[in-house]
Each structure stands twice: as structure tokens, then as C-alpha cells.
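Before I ask anything, here is the structure I am working with.
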Amino acid sequence: MGRRGVAIVGIAVALAAAAGLLAHPRGAAVPAAAGRAGSQEAQDDGQLAAQRVDAFVQAVSRGFGSPAKPTKQPANGWVGSRLLSSNTDDWEPAVATDPKAPYVYLLTTRYGVVPPGCTSHCPTPFIALTTSSDGGSTFGPQAPLCLCLGVKAQYDPVIEVVPDTGAVYAALLNGDRHNGFSTSFTKSTDHGRTWSAPVHVFGNVAWTDKPEIVTSASGKDVYVSWNGPQGGDLYVGQSHDYGATWTQQQLSDSKRYYYAYDGRVLADGTVVFSESSLQYSGSKAVEGEVWHHAVISRDGGATWEDRVVAKVPVGENCVADGCKPDFYIGQTSVASDAPGHLVFAYEGPTTDLGPQRVYVASSSDSGRTWSAGTPLSVAGEDATGPRLASYGGTLRLWYMQTAGGDDADAWNVWYRSSSDGGVTWSAPVRISDAPAGATGYVGANGFAEVYGDYGEIAVTSAGKTFATWGEGFSYTGPGGTWFNVQR
């Protein structure tokens, strides 16, 4: 990048130092609170935030920011993976598609620059939004989801389209001096051009983390799951007036630390969140087992069931630069491909601290009972981040997997589909198909590191799968948001 880019990075460094940003290992910022969100965790995360900006500055000085080389040999049936922005440090993307119109909404957490048009009291990182009106073939300019002046930082974006109306609902963590890092809800009724003022789903609390949002077909009933404000207890907030007002329920009170990753509202109004729970030894190491949960309400949020789908050993520690041991552990997804039939994807090893495989389990009674998991990824490789979607009775899945066993610095994204409820699956297709040298972190065998705690999958109104994920040099970064779409 030229001098202008370096100057912008310098501004970002100054803003980060002034704001005292804290980057939680699952994407959220953390104050000095109980348990894993304690003072030592906050100190560690403050150091990571500074390291991430520093890594971006150093990468820029080495030429980071040059346009990525295009995919020359895209995966069969796919357009080819594309980088959202080559000259920014983008982490943890989210995507939503309109089932009745060709709109695609793509979010990412953007480090290293201030929001366009903002000169003072700007959030950094901020959530950048870009919209496609042609099914993901082209995208418009990237703009802040919420400029939110006075907010220190934004994390953990999630987004959904209301099926009946096309309205767009989003949740994110807004960090300001009044509400800490509290989950906020905002919506758009004009295809993402303008957004409502953010509403806190949990009022004036110091900290929440890892929100996941789902909506009924009409958009009247909205549910958000998160953890915090005390440790990792599981909460669900709900609104029955299109997101205007919210009530909250605490669903756990234990030493287990919950993370929401996906959710659905079924045709009969049943709400299902896919979650995992971990138990920490101190602030970093995970002990015991990882539990994978389907958290279900069958009465509009009045009562909730916590169904444990699987219990697995703790997977491999992440040892990449800046990484915490739990980075690859405990991710889940859920989809429904027929009335009463659910499919749940999760990850886990066969032995403690071994390489994880991706599994799918199914339920034919709306989540009351679950089958044993069937492995889909390669034995001996480490796998993480399964993401499920359904369309017209078919299931679509992507996951990340290491390449070559001993090549710890190579990951790829693989796609599979099922047309029989998850009994059998198509052969895996590698959809992270950028050529070696595309950005500096893409090599001959794959990309260097997973960048972000999650990516997402969606299906366009034309029935095409849209997948998005993060790639980077290391956990510290920098990296970028990538996506691919079926032809």
C-alpha cells in the first residue's frame, strides 16, 4: 500500500491505544468480570488487540494489500473463491440471503481502519456491510452497519432476513462507556441502505458475548442467544414486537461456558439454537468434555429444553501466533430439511487433545432425541467450523480441515451436500480454491490459518449455496473475508 494506507493504519493504532480495545478469543471484547472474563483475560486480550494492529502495520510494510490473484481453476460447479477486500484486515464474516429476492448481505469485523466518513469517536474494529442485489455475483460498496459514534469497538456480527417481508435483522456487540460490550439489535426495511438505532437486548450490563439471532417468518418474533454477563451462562432474549422491546431468560447457572453458533425458527414456530459448552481450567485451558447442545423452545420462548446431542473429548489446542487453546473447539450448526427433521453438525476428537472430525447427527422428532454422529471429515486431519443450510429438501455443509497431516500451516474449506436427510453425502469439494500466493497467506496446500471464530453458509433465492469464511496469516493476523458461490 502507498503512504495513504500507512497513514490510515497509523490512525488506527492511535485509536486502538486510546480506546483500550480488548479482543475476546471468540471475537468479543471483555471487561474485568468473573470466570473466563476475568482481569487476566482482559489484560491478555488487550495485548492481543495491540498485536493484531501491529501485525497489520508490519504486513502493510511488506506489501499486504495488493489485489488478490483470481482463481484460475474454480471448484467444479462454483464461481471460485473471492476476497471481499484486499487492503483491510477482516475477521469473522456473517451472511444472510433473501429467500424470495436476489439479495445477499455480507458482514465482516474490520480492523486497522476507521469507518468511512468518520473522523472522531469512531469504533475500531467496526462491522462493515456490503450488499448484493444479484445473488452474490457483484457487491456494492462496504459501509458501516452502524457508525455508532462513541462506541469503542464492535464485534460478533450476525444477520438474518425475515422470510415473509425481506426485512433484515442484525445483532452485534457494541462497546461503549455506558453499556460495556452489550448485544444490540438493529434492522433495515430498505435492503440494507438504512438501519434503525441499535436497541440493547439486555439493557445496561457490562458484558455479553457471542450472540446468535433467529426470526419467525413474519419477523414479529425475534430470539437472540448469548452468554454473559457473569461468566458463560446461557441466556436467550426475545422480542414479540419486531425487535422494539426485549425480555431475557437465564437458562444455565453452572461452571460450563456456553457458545451459540447457529439457530432456526421452524415452520411450526419451534425455536432451535445449536450451542456448545466448555469447562475451563483457569482462563485458558479446557478440561473434561465438550458438550454439544440443541436449545429448544416449543411455546414461543416461554419455556426451553436443553438437549445434549453429543459429548466429545477436548480437541487439539491452537498453537498459531496469538491463539488461545480453545480456538478450534466446540463449533456447531443446525438445519431442518423436512417437518420435524433436524440435522446437527458438530466437531470432536476420538481421544483427548486429538485431531477433531466433523460429525452430523439427526433427529426425526423435532430435537427430542438424536442419532449418534456420523463422521464426514477425514480421519487424522483436524477439522472445525461446520456450517449447515437447507433448501428444497437438500442439506448443504461446509467445514474447515487441515491439509496433509504434518502441514500445520495449511487449511482448506470443504463442501458437501445431502438429499436424503443426512444419511449419505456427496463427495467433498474444496471451495477455498484461491491460487498459491493470492495474498501472502495462501500456499500450495491451503491457507495459513483460520481467521475468525466462525463463518456462515446461506442459500440464495435461486437455490445457489453462498459460503463465507476467514483466512489469515495467524490468529493475530492480518487476514481477510473470503466467499464462494455456486454457479
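The values are calculated or read from the model by the stated rules, or taken from the named source; none is laboratory data. These figures come from a predicted structure and were not determined experimentally. Note that each Cβ is placed from the backbone with ideal geometry, even for glycine, and that neighbours are counted across all protein chains shown. Just so you know, the surface numbers come from the protein's heavy atoms only, side chains and all, with ligands and any DNA or RNA stripped out. Shrake-Rupley method; radii C 1.70, N 1.55, O 1.52, S 1.80 Å.
Scan region 90-110 and report the pairs whose first residue is in contact (Cβ under 8 Å) with a residue 40 or more places away in the chain and whose second residue is basic (Lys, Arg), with Cβ atoms within less than 8 Å and a gap of 6+ or a chain change.
Asp90/Arg110; Trp91/Arg110
Okay, next question. Residues of region 424-474 being assigned to a loop (DSSP other than H, G, I, E, B), of a type outside the set (D, E, K, R) and under 28 Å from Asp209 (Cα atoms), which ones?
Ala448, Tyr451, Gly452, Tyr454, Gly455, Phe473, Ser474
Here's something else I'd like to know. Of all residues in region 342-361, which are surrounded by 20 or more Cβ atoms within 10 Å (Cβ to Cβ) and either in a strand (DSSP E or B) or out of contact with any strand residue (DSSP E or B) (no Cβ under 8 Å at 6 or more places or on another chain) (or both)?
Leu342, Val343, Phe344, Ala345, Tyr346, Glu347, Gly348, Arg357, Val358, Tyr359, Val360, Ala361
Looking only at region 293-304, count how many residues are open to solvent by less than 50 Å² (accessible area, probe 1.4 Å) and closer than 13 Å to Gly367 by Cα.
Going through region 293-304 one residue at a time, the tally reaches 6.
Residue check: is Gln58 open to solvent by 10 Å² or more (accessible area, probe 1.4 Å) and under 24 Å from Ser188 (Cα atoms)?
No, not satisfied.
Is it the case, given these coordinates, that Pro229 is surrounded by 20 or more Cβ atoms within 10 Å (Cβ to Cβ), over 27 Å from Pro116 (Cβ atoms) and in contact (Cβ under 8 Å) with a residue 60 or more places away in the chain?
So Pro229 fits the description; yes.
Moving on to the next point. Going by the conditions given, is Gly385 touching a His at 6+ places or on another chain (Cβ under 9 Å), closer than 30 Å to Thr476 by Cβ and touching a residue at least 40 places away in the same chain (Cβ under 8 Å)? Lay out the reasoning, then the answer.
On the way: touching a His at 6+ places or on another chain (Cβ under 9 Å): no; closer than 30 Å to Thr476 by Cβ: yes; touching a residue at least 40 places away in the same chain (Cβ under 8 Å): yes.
For Gly385, the condition - touching a His at 6+ places or on another chain (Cβ under 9 Å), closer than 30 Å to Thr476 by Cβ and touching a residue at least 40 places away in the same chain (Cβ under 8 Å) - is not met.
Determine whether region 165-187 contains at least one residue that is in a strand (DSSP E or B), under 20 Å from Val201 (Cβ atoms), among the β-branched types (Val, Ile, Thr) and in contact (Cβ under 8 Å) with a residue 60 or more places away in the chain.
Among the residues of region 165-187, at least one is in a strand (DSSP E or B), under 20 Å from Val201 (Cβ atoms), among the β-branched types (Val, Ile, Thr) and in contact (Cβ under 8 Å) with a residue 60 or more places away in the chain, which makes the answer yes.
In region 251-290, how many are open to solvent by less than 30 Å² (accessible area, probe 1.4 Å), part of a strand (DSSP E or B) and of a type in the set (Val, Ile, Thr)?
Looking only at that region, the number is 4.
Go through Ala320, Ala379, Ala335 for me and flag whichever is within 19 Å of Arg416 (Cα to Cα), touching a residue at least 12 places away in the same chain (Cβ under 8 Å) and either open to solvent by 40 Å² or more (accessible area, probe 1.4 Å) or in a loop (DSSP other than H, G, I, E, B) (or both).
Exactly one of Ala320, Ala379, Ala335 is within 19 Å of Arg416 (Cα to Cα), touching a residue at least 12 places away in the same chain (Cβ under 8 Å) and either open to solvent by 40 Å² or more (accessible area, probe 1.4 Å) or in a loop (DSSP other than H, G, I, E, B) (or both), namely Ala379.
Still on this structure, please answer the following. Please specify each residue of region 397-423 satisfying the condition of being at pLDDT 95 or above, in a loop (DSSP other than H, G, I, E, B) and open to solvent by 50 Å² or more (accessible area, probe 1.4 Å).
Those that are at pLDDT 95 or above, in a loop (DSSP other than H, G, I, E, B) and open to solvent by 50 Å² or more (accessible area, probe 1.4 Å): Ser419, Asp420, Val423.
What is the residue count in region 188-218 for residues that are at pLDDT 95 or above, farther than 23 Å from Ala143 by Cβ and outside any strand (DSSP E or B)?
Matching residues across region 188-218 total 3.
Name, by its number, the condition in (1) touching a residue at least 60 places away in the same chain (Cβ under 8 Å); (2) assigned to a strand (DSSP E or B); (3) within 28 Å of Pro198 (Cβ to Cβ) that does not hold for Ala294.
(3)
Tell me yes or no: at least one residue of region 169-191 is open to solvent by less than 10 Å² (accessible area, probe 1.4 Å), of a type in the set (D, E, K, R) and within 21 Å of the chain's Cα centre (by Cα).
No, there is no match, as no residue in region 169-191 is open to solvent by less than 10 Å² (accessible area, probe 1.4 Å), of a type in the set (D, E, K, R) and within 21 Å of the chain's Cα centre (by Cα).
Would you check if Trp195 is under 22 Å from Trp91 (Cβ atoms) and open to solvent by 10 Å² or more (accessible area, probe 1.4 Å)?
So Trp195 passes the test.
When you scan region 131-164, how many residues do you find that are free of Cβ contacts under 8 Å to residues at least 60 places away in the same chain and not polar (S, T, N, Q)?
15
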